[in-house]
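K.L.:
One structure, pasted below without further comment.
Please treat every number below as a calculation from the coordinates, not as lab data. These figures come from a predicted structure and were not determined experimentally. Methodologically, a virtual Cβ is constructed for each residue, glycine included, from the backbone with ideal geometry; neighbour enumeration extends over all protein chains shown.
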Amino acid sequence: MNDEQRRLNDEGRAIWDQKAAFWDELHGDNGNLFHRTLVSPAVERLLALRPDERVLDVGCGSGVLARRMAELGAQVLAVDFSAALLERALARSQPTGHPITYAQLDATDESALAALGEGQFDALTCTMALMDMPVIAPLYRAACRLLRPGGRMVIATAHPAFNSNNPVRMAEMRDDGGDIITVDSLKISAYLDIPPVKGAGAPGEPTPHTYYHRPLHNLFGEAFVAGLLLDGLEEPAFPKDEAVQVAPLRLYRYWQMPMVLTARLRRV
Ligand SMILES: C[S@@+](CC[C@H](N)C(=O)[O-])C[C@H]1O[C@@H](n2cnc3c(N)ncnc32)[C@H](O)[C@@H]1O
């Protein structure tokens, strides 16, 4: 990491600490609508967790996925760089009775990750957090060492083609053979080269934090260089019948456009 990336990463930690309460309340025990519809089902399918597997959840936030994996019988170590979010995650997890271990760890710190042990995990998860990190190569490299051979890393991130590149949402009206219909579209003006930029996040999120858009060849290319292979991919979108009932310009309206990209990378 260069100095500017380090500064942004430190700033990111302070901002996540500040909005830990908002994030925890937004997601509650099981995640908000976005997570329940777009993130969790695809991640669970790609992960195909078996009981007693050892999983490392990186950027665990308020612990929604960690709790779900523990409920499915996994032994979970969940890490995040925000102490305030870890406190929230722990408080929500204790009443479930599942023994999840939470620890403070910066996912850009390759040696801190690697210190968790060679081949210690059957799976590693990182949901909606890669786009918040200034560098991801250290995490991919560490994943290759932390996973047992054949182990998998499942990621979910804002879709680079339809979401993290900050498209303009459009709604237009036209006469479709006598029916007045709304045509929903996204106007894309950038994809290949978008510098880190602050974004609003979820509606009502108190403090914008920096997002790091990565085109697909970077998002996956850095994983391939680290020694991971892509062997599963899903592009979840909102179900059409629910989306068409949502007001124009709302994110949930775009049933033709996947807002999330989920993928499984494997240590070979
Ligand atoms: C958008 S939240 C997602 C949380 C959770 N994984 C989920 O899917 O709900 C992003 C999380 O990544 C964490 N994060 C961002 N950068 C990080 C870093 N460098 N190291 C560890 N955690 C980080 C934040 O603290 C926050 O909890």
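K.L.:
Using r as the Cβ-Cβ distance of Q18 and V183, and R0 as 35 Å, what FRET efficiency do you calculate, to the nearest 0.05? The partial results should precede the final answer.
P.N.:
Details: r = 39 Å, r/R0 = 1.12.
Rounded to the nearest 0.05, the efficiency is 0.35.
K.L.:
Another question about this same structure. For the range 195-238, list residues with backbone N below 14 Å from a point placed 7 Å from the Cα of E11 toward its Cβ?
P.N.:
Residues 195-200, 207-212 fall inside that zone.
K.L.:
What distance in nm separates the simple spin-label points at L72 and D3, each placed 7 Å from Cα in the Cβ direction?
P.N.:
4.4 nm
K.L.:
Moving to a separate point now. Taking a spot 7 Å from the Cα of V168 along the direction of its beta carbon, which residues of the range 199-217 have an amide N less than 11 Å from it?
P.N.:
Under cut-off, by backbone N: nothing.
K.L.:
Kindly give the semi-axes, whole Å and largest first, of the ellipsoid equivalent to the range 3-267, taking each as the square root of 5 times a Cα gyration tensor eigenvalue.
P.N.:
Gyration-tensor ellipsoid for the range 3-267: 31, 20, 19 Å.
K.L.:
Could you give the length gained on full extension between R250 and A161, defined as 0.36 nm per residue of separation minus the Cα-Cα distance, in nm?
P.N.:
30.3 nm
K.L.:
Okay, next question. Which of rounded, prolate, oblate describes the range 1-135, given a ≥ b ≥ c as roots of the alpha-carbon gyration tensor eigenvalues and a/c under 1.5 marking rounded, otherwise prolate only if a/b is larger than b/c?
P.N.:
oblate
K.L.:
Evaluate the charge dipole of the range 3-267 about its Cα centre and quote only its size in Debye, nearest 20, assuming +1 on the Cβ of each Lys and Arg and -1 on the Cβ of each Asp and Glu.
P.N.:
With only Lys, Arg, Asp and Glu charged at Cβ, the dipole is about 360 debye.
K.L.:
At most 11 other Cβ atoms within 10 Å and a DSSP loop assignment: could you name the GluC sites (Glu not before Pro) in the range 1-92 that fit?
P.N.:
none
K.L.:
Taking square-rooted eigenvalues a ≥ b ≥ c of the alpha carbon gyration tensor, is the range 56-101 rounded, prolate or oblate, where a/c under 1.5 means rounded and, failing that, a/b exceeding b/c means prolate? Mind showing how you got there, number by number?
P.N.:
On the way: a/c = 2.20, a/b = 1.35, b/c = 1.63.
Since a/c reaches 1.5 but b/c is at least a/b, the shape of the range 56-101 is classed as oblate.
K.L.:
Add +1 for every Lys or Arg and -1 for every Asp or Glu among the other residues with Cβ under 15 Å from the Cβ of E53, and state the total.
P.N.:
My count for the surroundings of E53 gives +3.
K.L.:
Oh, and also: Got the relative contact order for the chain handy, in percent, Cα pairs under 8 Å and 6 or more residues apart?
P.N.:
Computed over the chain, the figure is 19 percent.
K.L.:
Can you say what percent of the DSSP beta bridges in the chain, counting only those with both residues inside, are antiparallel? Round to 5.
P.N.:
60 percent
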